[in-house]
1. Looking at (1) out of contact with any helix residue (DSSP H, G or I) (no Cβ under 9 Å at 6 or more places or on another chain); (2) crowded, with 18+ Cβ neighbours inside 10 Å; (3) not aliphatic (A, V, I, L, M), can you tell me which one THR316 breaks?
2. When both residues are 6+ apart or on different chains and their Cβ atoms are under 8 Å apart, which pairs have a first residue that lies in segment 9-33 and is assigned to a helix (DSSP H, G or I), and a second that is aromatic (Phe, Trp, Tyr) and surrounded by fewer than 23 Cβ atoms within 10 Å (Cβ to Cβ)?
3. Checking the condition surrounded by fewer than 24 Cβ atoms within 10 Å (Cβ to Cβ), farther than 19 Å from THR291 by Cβ and not small (Gly, Ala, Ser), which residue from ASP219, ASP179 passes?
4. Conditions first: (1) part of a helix (DSSP H, G or I); (2) without any contact (Cβ under 8 Å) to a residue 60 or more places away in the chain; (3) more than 13 Å from LEU357 (Cβ to Cβ). GLN308 passes all but one, so which condition is the exception?
5. Pull out all pairs, ordered by first then second residue, where Cβ-Cβ is under 8 Å, the residues are six or more apart or on different chains, the first lies in segment 91-112 and is under 13 Å from THR233 (Cβ atoms), and the second is acidic (Asp, Glu).
6. What number of residues in segment 321-345 are over 13 Å from PRO213 (Cα atoms) and in a loop (DSSP other than H, G, I, E, B)?
7. Give the residues of segment 347-396 that are out of contact with any helix residue (DSSP H, G or I) (no Cβ under 6 Å at 6 or more places or on another chain), of a type in the set (S, T, N, Q) and in a strand (DSSP E or B), sorted by residue number.
8. Going by the conditions given, is LEU353 touching a Gly at 6+ places or on another chain (Cβ under 8 Å), aliphatic (A, V, I, L, M) and surrounded by fewer than 24 Cβ atoms within 10 Å (Cβ to Cβ)?
Amino acid sequence: MNRSSPSAVGIQYAASLSALGATATQLRQQLTDHSAQPLQASSQWIQGVTRWVGAYSGELLQAVPAPLDFWQSRHLRFALTALQQIEEAVLAHVASMDKTRLAIVVGTSTSGIADNEALIRAHLQGQNTTIWQAKQNMGCLAKALQCYLGWQGLSYTVSTACSSSAKALATAQRLLHADVADAVLVAGVDTLCHLTLNGFNSLENLSAGIAQPCGAARDGINIGEAASVFLLTKQSAAVQLLAAGESMDAWHISAPHPEGRGAAQAMRAALQQAQLPATAIDYLNLHGTATLHNDAMEIKALQQVFAQHRPAISSTKHLTGHCLGAAAALEAYICMQVLLDQAWLPLHHAHALDPALAEQNYVHDAQIDQHLRYVMSNSFAFGGSNISLIFATGHA
């Protein structure tokens with residue numbers, strides 16, 4: 001088994017903000033503590049309804065630099081706050097590179113629409129308002145980050161609902177191997193907004209309490225927010241994005257194929273690109289939304305791909321909320337920290353498991369004494385947009 005797969009790219013630097021906190025230490029503490037509960041009960045999003053959300057409660061930039069005023073939004077400030085954690089290192093790393101070969105790829109599903117919601121409500125009530133499209137266009141964050149950094153390469157957005165930022169990472173991998181870019185900044189960002197909370201409430205997909213992925217009493221998702229940024233290059237790093245496998249089953253606009261065919265296809269494609277057997281995977285981060293159909297099909301897909309092999313598995317969405325277009329990037333960051341630390345795995349929730357889904361190796365003890373080599377992370381989006389990423393340590 002070869003860690004230096006031809007598809008590998010190095011994750012040189014990364015940072016992440018979410019309900020778990022703003023540092024790797026805070027994230028690890030939350031993910032390994034059975035009593036941790038960073039979600040918040042909130043009644044501000046849906047009229048007359050209280051729901052649990054994964055809100056970031058740390059500090060954010062109060063304003064963006066003047067050249068970025070055109071794109072001013074909390075979404076942008078969220079992204080810049082994450083980027084500034086690694087900005088100095090990123091700029092030093094690319095200082096000798098041609099700026100026309102420095103690319104930016106963003107994964108998001110809501111962009112900055114939260115900052116326009118009051119204007120939209122006023123417009124619907126007949127008031128004369130100007131909705132500032134620059135805040136909410138899908139490409140605005142990528143353009144703003146390009147302006148902020150002064151880079152001149154490709155800059156664009158991938159928006160495929162809940163697989164957006166995983167596909168942004170896969171896009172970066174392809175840009176590097178196609179020799180279109182020497183370095184790619186990937187950002188996965190989504191912020192809480194009324195649109196998504198009310199939309200999922202209309203679909204009856206929100207949990208009345210804390211989400212219970214693969215749980216016997218699971219009744220839906222919690223919504224969260226996150227901003228995660230990565231610098232990827234073709235050079236080796238302590239953690240590498242080894243492979244990305246994608247599929248599109250197009251089974252239903254808002255439901256996965258019940259037998260998990262698209263999910264299984266994505267996992268197999270990732271293993272094939274990584275040149276690994278299924279038995280090589282040590283840990284798998286589930287998409288694990290805690291909806292009836294998603295969890296059932298994902299476990300079926302695991303059974304198809306892994307057969308008798310039982311990698312350790314867990315979902316982190318009961319602690320982060322489902323961060324939609326930013327979810328995959330946050331979970332990629334979690335996988336990165338797991339591989340760097342070599343000491344822990346994210347706990348699965350402590351509620352009773354669905355007996356039909358229980359024949360798996362769920363993580364109930366965070367501390368490990370094995371050497372982790374390869375971890376997989378799944379993301380499955382509305383419309384059947386599926387992707388599986390494999391991460392690896394960058395040295396033997």
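The values are calculated or read from the model by the stated rules, or taken from the named source; none is laboratory data. The structure displayed is predicted, hence computed values, not measured ones. Note: ideal-geometry Cβ built from the backbone for every residue, glycine included; neighbour counts use all protein chains shown.
1. (1)
2. ARG28/TRP344; LEU31/TRP344
3. ASP179 is the lone residue from the list that is surrounded by fewer than 24 Cβ atoms within 10 Å (Cβ to Cβ), farther than 19 Å from THR291 by Cβ and not small (Gly, Ala, Ser).
4. (1)
5. So the pair list comes out as VAL94/ASP182; MET97/ASP182; ARG101/ASP182; LEU102/ASP182.
6. Total meeting the criteria: 4.
7. Scanning segment 347-396 gives ASN361, GLN367, ASN378.
8. Details: touching a Gly at 6+ places or on another chain (Cβ under 8 Å): yes; aliphatic (A, V, I, L, M): yes; surrounded by fewer than 24 Cβ atoms within 10 Å (Cβ to Cβ): yes.
Spelling it out, LEU353 is indeed touching a Gly at 6+ places or on another chain (Cβ under 8 Å), aliphatic (A, V, I, L, M) and surrounded by fewer than 24 Cβ atoms within 10 Å (Cβ to Cβ).
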